[in-house]
Amino acid sequence: MDEVVLFNPGDSIGNFHDYHEAVQSAQIYQERHTDAGHVLVVKSEKGEPSFDIFLAESQLGNGQTGHAASERYQISKKL
């Protein structure tokens, strides 16, 4: 079952077209920022395949779903 989440694209740590490169960058980020919490690699639901890296704490909650800049993403990997 896929989990769909909302993020503000401006909060992205990085954007990649290659899934493996995105995962590798997320792992490096997590190793260097051990206090950052969970790092998520997510796939955009629109357009060409694109993978972004977000901190789990940046996820927009139910009260923020109407935020104009929010986009839907599908979680690909949680670190």
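Structure values in brief
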read-out	value
Net charge over other residues, Cβ less than 12 angstrom from the Cβ of residue 55 (K, R count +1; D, E count -1)	-3
Lys, Arg +1 and Asp, Glu -1 on Cβ, resulting dipole of the chain about Cα centre, debye, nearest 20	80
Residue with peak Gaussian network fluctuation, the chain [Cα springs, cutoff 10 Å], from 13, 53, 28	28
Footprinting exposure proxy for 35, 52, 18 (fewest neighbouring C-beta atoms within 10 Å first)	35, 18, 52
Three-way shape label, the chain, alpha-carbon gyration tensor, a/c 1.5	oblate
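Read-outs: derived from the displayed coordinates by stated rules, not from any lab. Quick caveat: nothing in here was measured; it's all calculated off a predicted structure. With ideal geometry, Cβ positions are generated from the backbone for all residues, glycine too; neighbour counts draw on all protein chains shown.
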